[in-house]
Amino acid sequence: MFLMMPSIKIGIGIAVFLFTLMLSILAVERGTNKNLASLFDALWYVLVTITTIGYGDITPTTVPGRLIAMIIMIGGIVVFGTVSGKIASMLFERQRKKDRGLLTMNRKKGHFIICGWQEGMDEILDGILGANPDLFPADIVLVNLAPKEALEAILHASRFAGINYVSGDFSEEETLTRANVLGARRILILSDYSHPYSAMERDSRTVLAVLLVKKLNRSLYVTAELLDEHFRKHLESEHCDEIILTRNYEQRLVVSASTGTGMSHVLEKMFCGVGGQGLAIAEIPAEFVGKPFSLLASHFTAEGKGILAGILENTGNFFVRKKEALSEAQKNPDISGVVQNLKKVKEMKSNKTVLAPPPDYPVQKNARAILVRPVLDEEGN
């Protein structure tokens, strides 16, 4: 037997109640009240009365009619009190679930998922929003098990208004499904400090999350943070699009500074620029695909966009790039040529970095430019 939802049952009950009242008032007033002579007149009167508007253009004249009018008035108060209370309750419950991260992001499409929690999460979010002008807080879904107090500072901050939150372990499939990983555009998996995990536990959870994400949505662009380089091969085998080796970067910065050459200042300028300053990745105009590197370098210099330091190849989701490359490789009419092309496809690497290539180096399709843009000081110099 089909069981109707309680809200549907209530709606049907109200409709039956109104219809009964409409027929009753019409039955007792017709013939004696010229203002209540048709079904439409009765409908108009019931709706005006039950909504407590009360224009007074139609009023019952008989005693039974007035008794029914009293029922309609009282019924209107009860019905609308019940309905408004139900709506308020539903809105409150939805907001409560949202604050606790219990909602499912089924309606989200093209969003950016950020898994894990770290100190200074607000600064990380500020940086992400600053580096992605087309990204808004409402496009971001946080997935973590951070303490309630720490989360509230972000969820209730005006600059992050509209940001979404899913509570749960991001290394579990059920949590990633609630974050709608199938509909997402990008995902960033941070080394998680929401609990006192060991470094190995943090990296293990990151690797597990990447494996799950690639299982659920291979076309998703995945960036993951690792502490130990030994886990890198596991992510590379799953073709994780970007791997951030935090400790390695920190150690290399310290080592560079120890040489006394001022390298740390160079790196600070390169990475800490704002508004497109410092090191940047830029789109390459389509007309330069297949052209020499030197020609592209001259273009960026002439446009005042910066100095071309290199090329980033096979950008975007690796599985999409590989599928495209396989399709192109099989177009060669020469069998031996096809074999050579397939070998090249097998050796493809996601976001392959080519720094300072020779002038005649050909610009590949799906490549991006690595630019060094001027960094201004506080005085604008």
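Every condition in (1) modelled with pLDDT of 85 or more; (2) surrounded by 14 or more Cβ atoms within 10 Å (Cβ to Cβ); (3) not in a strand (DSSP E or B) is met by V372 except one, and the failing one is (3). The conditions of being in a loop (DSSP other than H, G, I, E, B), farther than 17 Å from D192 by Cα and out of contact with any His (no Cβ under 9 Å at 6 or more places or on another chain) are not met by G130. For first residues located in the stretch 74-90 and among the hydroxyl-bearing types (S, T, Y), partners that are assigned to a helix (DSSP H, G or I) and surrounded by 11 or more Cβ atoms within 10 Å (Cβ to Cβ) and lie 6+ apart or on another chain with Cβ distances below 8 Å form the pairs T82/I10. Residues of the stretch 116-143 that are farther than 20 Å from T175 by Cβ and among the aromatic types (F, W, Y): F136 alone. Can you tell me which residue is nearest to the chain's Cα centre (by Cα) among those in the stretch 169-204 that are open to solvent by 30 Å² or more (accessible area, probe 1.4 Å) and of a type in the set (F, W, Y)? That would be Y193.
Every residue, every condition in (1) free of Cβ contacts under 8 Å to residues at least 40 places away in the same chain; (2) in contact with a helix residue (DSSP H, G or I) (Cβ under 6 Å, 6 or more places away or on another chain); (3) farther than 30 Å from L212 by Cβ, yes or no:
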| residue | (1), (2), (3) |
| --- | --- |
| H239 | no, yes, no |
| E242 | no, no, no |
| R247 | yes, no, no |
| K269 | no, no, yes |
| I281 | no, no, no |
| T301 | yes, no, yes |
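Within the stretch 42-66, the set of residues being part of a helix (DSSP H, G or I), under 19 Å from I14 (Cα atoms) and not hydroxyl-bearing (S, T, Y) comprises A42, L43, W44, V46, L47, V48, I50. Listed conditions (1) open to solvent by less than 30 Å² (accessible area, probe 1.4 Å); (2) without any contact (Cβ under 8 Å) to a residue 40 or more places away in the chain are all met by E225, apart from (2). Here L125 fulfils each of the conditions (1) without any contact (Cβ under 8 Å) to a residue 24 or more places away in the chain; (2) touching a strand residue (DSSP E or B) at 6+ places or on another chain (Cβ under 8 Å) apart from (1).
Checking each residue in the stretch 283-308 for being small (G, A, S), surrounded by 11 or more Cβ atoms within 10 Å (Cβ to Cβ) and at pLDDT below 90 picks out only G306. Per this entry, Y197 is counted among residues that are in a loop (DSSP other than H, G, I, E, B), touching a Lys or Arg at 6+ places or on another chain (Cβ under 9 Å) and without any contact (Cβ under 8 Å) to a residue 40 or more places away in the chain. Taking each residue of the stretch 210-222 that is modelled with pLDDT under 90 and looking for partners that are crowded, with 19+ Cβ neighbours inside 10 Å with beta-carbon atoms closer than 7 Å, six or more apart or interchain, yields S219/N317.
Annotation note: of L220, L235, L253, the sole residue that is open to solvent by less than 10 Å² (accessible area, probe 1.4 Å) and farther than 26 Å from M105 by Cα is L235. For the subset of the stretch 130-151 comprising residues that are touching a residue at least 40 places away in the same chain (Cβ under 8 Å) and surrounded by fewer than 16 Cβ atoms within 10 Å (Cβ to Cβ), which member is nearest to the chain's Cα centre (by Cα)? Ranking the qualifying residues of the stretch 130-151, first place goes to G130.
Would you check which residues across the stretch 205-239 are part of a helix (DSSP H, G or I) and hydroxyl-bearing (S, T, Y) and list them?
Correct list: T206, S237.
The values are calculated or read from the model by the stated rules, or taken from the named source; none is laboratory data. Keep in mind that what you see is a predicted model, and the values were worked out from it rather than measured. Quick reminder, even Gly has a Cβ in these numbers, built from the backbone with ideal geometry, and neighbours come from all protein chains shown. Areas reflect the complete protein model, heavy atoms only, side chains present, ligands, DNA and RNA absent. Shrake-Rupley method; radii C 1.70, N 1.55, O 1.52, S 1.80 Å.
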